1. Which one, (1) 142; (2) 151; (3) 185, gives volume of the Cα convex hull per residue in Å³ as derived from the coordinates shown?
2. Can you give the helix-only mean residue ellipticity at 222 nm for the chain, where every DSSP H stretch with n ≥ 4 adds -39500 (n - 2.57) and the sum goes over all residues, rounded to the nearest 500 deg cm²/dmol?
3. Can you grab the distance from the C-alpha centre of the range 287-340 to the C-alpha centre of the range 87-132, Å, no decimals?
4. Report, ordered by chain and residue number, the lysines lying within cross-link reach of Lys122, taken as a straight Cα distance under 30 Å and ignoring same-chain residues fewer than 8 apart.
5. For every other residue with a beta carbon closer than 11 angstrom to the beta carbon of Val311, add +1 if it is Lys or Arg and -1 if Asp or Glu, then tell me the sum.
6. List, in order, the whole-Hz ³J(HN,Hα) value for each residue of the range 100-115 obtained from phi through the Karplus relation with A = 6.51, B = -1.76, C = 1.60 and θ = phi - 60°; use x for Gly and Pro.
7. How far apart, in nm, are two points set 7 Å out from the Cα along the Cα-to-Cβ line at Glu48 and at Asp323?
8. In nanometres, what is the gap between the two model label sites at Ala159 and Glu289, each 7 Å from Cα along Cα-to-Cβ?
Amino acid sequence: MTATSAASDLQPQWDELRGFSRTVAEIQWLLLILVLLYQVVAESATEERTAIYTGLFFYGALVVGFRYYNFYRRDSLWKLAAETWAMLLFISFAVWFSGKLESPLLNLYLLPIITSALTLGKLSTLLEAALVCACYILLGSSVNTASILSSAYWSAFLAQVAPVLLVAYITTMLSADIHYAVGRLRELSETDELTGIYNIRAFNFIAEKTLLQAARYSQPFSLVMVDSDDLKRINDHYGHEAGNHLLQSLVTATRKALRATDIMARYGGDEFVVMLPHTNAKGAAEVAEKIRASVEISRLSVRGQLIPITVSIGIASYPENGDTYTDLLEAADRAMYQAKQQGKNRVSPA
């Protein structure tokens, strides 16, 4: 994976983290509202009410600080984890001063468990569940030693923590399935189904970002347009399945000639485009010639026959052939058609 493609892959991750962060914020405000409503309707001692109001104040200040004063400039999993730990601490504080294991707020422990399962994954959720179990033990610490050693105590303890563990397990499994489905959808939306390389939509995003970086730092940038010389002939003589094999073979041969920093995508039909970051016109011509030669020496196997294949290639470079991605793409496309008009199986600069 190149630095550019990695950056494009990180973009949806950052978007996902922002979405998770919004969800955590809503759960935090829900927690504050629920504890506040309990305070409004509950009849408790003045000391307990004062303690819970104090906890509400400091936890609310923490939430505001995290959310609106940008203590963390960018969302991260560590930030989300810290917020769930703060939720656990606040809930334990509120439960301690509202009846401990008899507290009507005890089920609030489900909120950080659900938050962790949705955002942080299995390992973090397991840790959160273990912390909740430890909190249950701490809240029941007033029970005498003899009772703690009895089977009745542990039966009651398991009955109390079972809902937490069950919710942790089910939510984690559902979250894992959702993450897998989203990942597959993202992969399908960014790749060409036949060849497995980027589709033009994903490529456009990457190339435009890379060109902006090239312009900012005065770096060279080139595009190479590659078109099969043989697809129509193969389709007419051997059928479309053979044509599909031709395109797959062309991609395989082309990628062998590319560097780790280069990115290839299917432009449409039998046309492909390659992005060459940090590459001037001379360097692009060398890469394009390697692609042409790699395809030429490869052979397409159809019905026991080895059939030679070739490509026509056009090159466009920044800034000589255009200042925008669209201009460079059009220039490379024109150069590729010029290569075809000149006899095919050749490289033509813009």
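None of the figures in this text is laboratory data; all of them are computed from the coordinates on show. It should be emphasised that the depicted structure is a prediction, and the values quoted were computed from it without experimental measurement. When we count neighbours, we look across all protein chains shown, and the Cβ atoms used for this are built from the backbone with ideal geometry, even at glycine.
1. Of the labelled values, this structure produces (3).
2. Values: 12 runs with 230 residues, N = 350.
The helix-only estimate for the chain comes to -22500 deg cm²/dmol at 222 nm.
3. The two parts, judged by their Cα centres, are 59 Å apart.
4. Lys122 reaches Lys79, Lys100.
5. Details: positive: Arg292, Lys340, Lys344, Arg346; negative: Asp227, Asp229, Asp230, Asp270, Glu271, Glu296.
Every neighbour counted, the sum reads -2.
6. Karplus values, whole Hz, x for Gly and Pro: 6, 5, 9, 5, x, 8, 4, 6, 5, 4, 5, 5, x, 5, 5, 4.
7. 7.2
8. Label at Ala159, label at Glu289, 8.3 nm between them.
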